[in-house]
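Here is the structure we will look at, set down as C-alpha cells.
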Amino acid sequence: MQRRPIRSTSLKAVGYDAATLTLEIEYRNGSLVRYIGVPETMYQALLAVAGKALFVEQVVERGGYEREQVRG
C-alpha cells in the first residue's frame, strides 16, 4: 500500500486501501499500525482534520477496528 506524507508532529504518513478497508498509519518514531474495516469516510476525515494524531488517538483507536502493529 502506498502511503502519503502528512503534516503532523507525530505522524509521518497514512495510506488507505478502499478494496480491503485498510488504513495504515506510519509514525515518525518508525512504528507502523494497520487498521482493518475502516470506512473511506474515516480516512478522508483524517486527511481533512487539523489535529491528525489526536484524531487517530480519539476516533480511530476507539472505533473498534481490528488493529495490527506491523512495525515498532
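What to note about this one:
- Contact order for the chain, expressed relative to its length and based on alpha carbon pairs under 8 Å spaced 6+ residues apart, stands at 28 percent.
- Segment residue 53-residue 41, length gained on full extension (0.36 nm per residue, minus Cα span): 2.6 nm
- Sorted on the mean count of surrounding Cβ atoms within 10 Å across their residues, most packed first, peptides 2-8, 30-36, 57-63 read 30-36, 57-63, 2-8.
- Taking each residue as 0.36 nm, the span from residue 9 to residue 68 lengthens on full extension beyond its C-alpha to C-alpha distance by 19.0 nm.
- Peptide packing: for 49-55, 64-70, the average count of neighbouring Cβ atoms within 10 Å per residue gives the ranking 49-55, 64-70, highest mean first.
- Dipole size of the chain about its Cα centre, with +1 on Lys/Arg Cβ and -1 on Asp/Glu Cβ: approximately 320 debye, rounded to the nearest 20.
- To the nearest 10, the accessible area of residue 20 is 80 Å² with a 1.4 Å probe.
- Prolate/oblate/rounded call for the chain, Cα gyration tensor, a/c under 1.5 rounded: rounded
The values are calculated or read from the model by the stated rules, or taken from the named source; none is laboratory data. All values reported here derive from a predicted model rather than from experimental measurement. Every residue, glycine as well, gets a Cβ built from its backbone with ideal geometry; the counts of neighbours run over all protein chains shown. Note: areas computed on protein heavy atoms with side chains; ligands, DNA, RNA excluded. Shrake-Rupley method; radii C 1.70, N 1.55, O 1.52, S 1.80 Å.
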